1. Thr459 - would you say it is in contact with a His (Cβ under 9 Å, 6 or more places away or on another chain), of a type in the set (Val, Ile, Thr), more than 20 Å from Gly583 (Cβ to Cβ) and surrounded by 18 or more Cβ atoms within 10 Å (Cβ to Cβ)?
2. Would segment 272-280 turn up any residue that is under 17 Å from Tyr177 (Cβ atoms), assigned by TED's automatic domain parsing to the domain that holds Lys222 and in contact with a helix residue (DSSP H, G or I) (Cβ under 8 Å, 6 or more places away or on another chain)?
3. Return yes or no: is Ala160 modelled with pLDDT of 90 or more, buried (at least 19 other Cβ atoms within 10 Å of the Cβ), hydrophobic (A, V, I, L, M, F, W, C) and under 19 Å from the mean Cα position of the chain (by Cα)?
4. Got at least one residue in segment 293-305 being touching a Pro at 6+ places or on another chain (Cβ under 9 Å) and either in the same structural domain as Tyr235 (by TED's automatic domain parsing) or part of a strand (DSSP E or B) (or both)?
5. Test Val52 against the stated conditions and say whether it is over 16 Å from His142 (Cβ atoms), within 29 Å of the chain's Cα centre (by Cα) and either in a loop (DSSP other than H, G, I, E, B) or not basic (Lys, Arg) (or both).
6. For segment 312-320, indicate whether the set of residues that are surrounded by fewer than 14 Cβ atoms within 10 Å (Cβ to Cβ), in a helix (DSSP H, G or I), modelled with pLDDT of 65 or more and of a type outside the set (Gly, Ala, Ser) is non-empty.
7. Being in contact with a strand residue (DSSP E or B) (Cβ under 7 Å, 6 or more places away or on another chain) and not in a helix (DSSP H, G or I) is the filter here; which residues of segment 270-292 pass it?
Amino acid sequence: MLRQYELVEKVLDYDPQADEAMLNRAYVYTVQKHGTQKRASGDPYFSHPVEVAGLMTDLKLDMATIITALLHDTVEDTLATIEDIEAHFGPEVARLVDGVTKLSKIEAMPENERAAENLRKFLLAMSEDIRVLLVKLADRLHNMRTLHFIKSPEKRQRIARETMDIYAPLAERVGMYEYMHEMQALAFRELEPEAHATITARLDALRSQDGGQVDAIALTIKQRLAEAGLKVEVYGREKHPFSIWHKMAERHVSFEQVTDIMAFRVLTESEEDCYRALGVLHTTWQFLPGKFKDYISTPKSNGYRSLHTSLMYENSMRVEVQIRTRDMHRTNEFGLAAHWAYKQGDKPDGAVGWLRDLIEIVDASHDAEELLEHTRMAIYQDRIFAFTPKGALFQLPKGATAVDFAFAVHTNLGLQTAGVKINGRHMPLRTPLANGDVVEIIKNPHASPQLAWLAFVVTGKARAAIRRAVRLKERAEVATIGSKLFDEIAARVPARIGKKAIRAAIERLGMDEPDDLMYAIGAAKIADRDVMEALVPGCTAGIEEDEHWERRERAISIRGLTPGVAFELAPCCHPVPGDRIVGIRRKGEPVLVHAIDCMELANGVDSDWIDLAWGNRSVGAVGQLSVTIYDRLGTLAEMAGIFAQNKANIITLMQAQIDPPFVTYDVEVEVQDVGHLNRIVSALRASDAVAQAERQ
């Protein structure tokens, strides 16, 4: 752990104008506030914020960021308040500390909602000041370095998974590759311990056999470039275990079949020298077609710049080479942090333009699952480049479609998309884009997003905008229906209803606008009787409640349908409350409700889709299961017992197939929602009597 004077000296080394007294006060403040608190390692708790501050000094960040790192846990874990911090260290530090502080009420939420709410707060704070992200990444990196001290395997797994899914990709998106690689390595060791140990052992064995081959190749490359008059530095290394494991999983190959285990980095004095070095390497050794990438002329969205190539070295050995200037190297390793160190006070610029997309996603996401899904989509990076007809360049994730492109250009263009030309040819909207495609979006002011687009768009921005547009359209349609129903209700009260009476009724009901009332009526969120009473207080006195006043309850309710419209649950996918659902209009027949991932939807027409959601009533929902058990005495009774233990009533049990030593049953079971059904499936799978259990 850095001592107080060591931390102050590190800051003064690169920032002689830093306020030494304030740095000392911040160090003492965090030590006093955390007091006798201990980390899982047994170290004093204040050692953690001090180490995080040390990581910030390694990046040569400004004093406010260093102090924020020192104080970032004081509000969460001690009696300190934001107001107290502002009084001692000023509003800038207080705002930054607030950005990285997790609220105690969030900690009481269910795990997924808590993660989403923390992420929401984090992204919003990050959009205000990118230094929040830099401190948070350093905080997570140090926590990963000490992860092995946590005794609970479940907690270690959760932290490692969150790091792999959220924080490592975020580090990549801001170009902090050094942080990304270390986070991935530490998370990989926890999540896949056997794979990590195996690959590490193989690398050790390879290293002992090769006898310094990496250094020998690096020296040869440097000599060849020196002979061409280039002054360079060359570094070689073996690839990280996680990178090798990822290649093995992606290519479905063994360790021995991964040919590009060694990677080399060439640092030059100028951008021109990068291309000269590339030419020397390509004339000295055979290069692999399709492996060359020029990220200097076309940088990655996080500002990363380098030339990448793969060479066939001696004995058919493949080596990967990255060529860049020293300035590029600093930016590539520390990304936005390096940018901030040289241009302190700047707002996030093009290097983090994706932040704007994330904030749109935060605003449009209505629940925890949706926010996490969209954010993961937005931060993972495997990009393609496409152009507008006027030559504007847009970067998109691999697999992005014309609809994703339209929303990337502008949200309004996406909302009015009616068709597309790709390289001058009319193509389906779901067509995946390739590098270099010229995309012309055909718009129509009367067009609107279709729910079916969610089946093929890949960007979080597009998904969030489509969902929001569909919800607004649904609300408008429901409000129109509600307006017609309101006229019927108003006709039943003993008074003439004008605008003044409607405004008074809205106030009595605690609503803001007439549209809110019409939507509530159309969506059956308010009873006719309550509307009448709000319009003319006392007018329903003495009238008995019956079907004339209250809509009849039904076992399962669906939101998004016109009141009174009949519906059926599709027999092909058997949706239950909790599944994401859509409806299919059928002329003269009830609306058929499908799960969103039902294969039958691919055969329908997009315009026939209705965006639906489950209502508040879900009594008697029926789930369909296929359960295969071992054909021996007592197993059927054991299976039935599992349903009973999970408070699920079996409606039908039919033998579907006999394949000794197994018997398969089709089971209809009454459940509360999809979570209840999933718990039953998990319990069945955990039983020794059950070979397989799955939803139909």
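The values are calculated or read from the model by the stated rules, or taken from the named source; none is laboratory data. For clarity, every value in this text was computed on a predicted model and none was experimentally measured. Here Cβ is always computed from backbone atoms with ideal geometry, including for glycine, and neighbour counts include all displayed protein chains.
1. On the way: in contact with a His (Cβ under 9 Å, 6 or more places away or on another chain): yes; of a type in the set (Val, Ile, Thr): yes; more than 20 Å from Gly583 (Cβ to Cβ): yes; surrounded by 18 or more Cβ atoms within 10 Å (Cβ to Cβ): yes.
In short, yes.
2. Scanning segment 272-280 turns up no residue that is under 17 Å from Tyr177 (Cβ atoms), assigned by TED's automatic domain parsing to the domain that holds Lys222 and in contact with a helix residue (DSSP H, G or I) (Cβ under 8 Å, 6 or more places away or on another chain).
3. The answer is yes for Ala160.
4. Yes, that holds for at least one residue.
5. no
6. Of the residues in segment 312-320, the ones surrounded by fewer than 14 Cβ atoms within 10 Å (Cβ to Cβ) are 314-316.
Then keep just the ones that are in a helix (DSSP H, G or I); that gives 314-316.
Still in the running and modelled with pLDDT of 65 or more: 314-316.
Narrowing further to those that are of a type outside the set (Gly, Ala, Ser): 314-315.
Yes.
7. Across segment 270-292, the qualifying residues are Ser270, Trp285, Gln286, Phe287, Leu288, Lys291, Phe292.
Residue-by-condition table, conditions (1) surrounded by 15 or more Cβ atoms within 10 Å (Cβ to Cβ); (2) among the charged types (D, E, K, R):
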residue	(1), (2)
Ala406	yes, no
Gln416	yes, no
Gly419	yes, no
Asn423	no, no
Arg430	no, yes
Pro449	yes, no
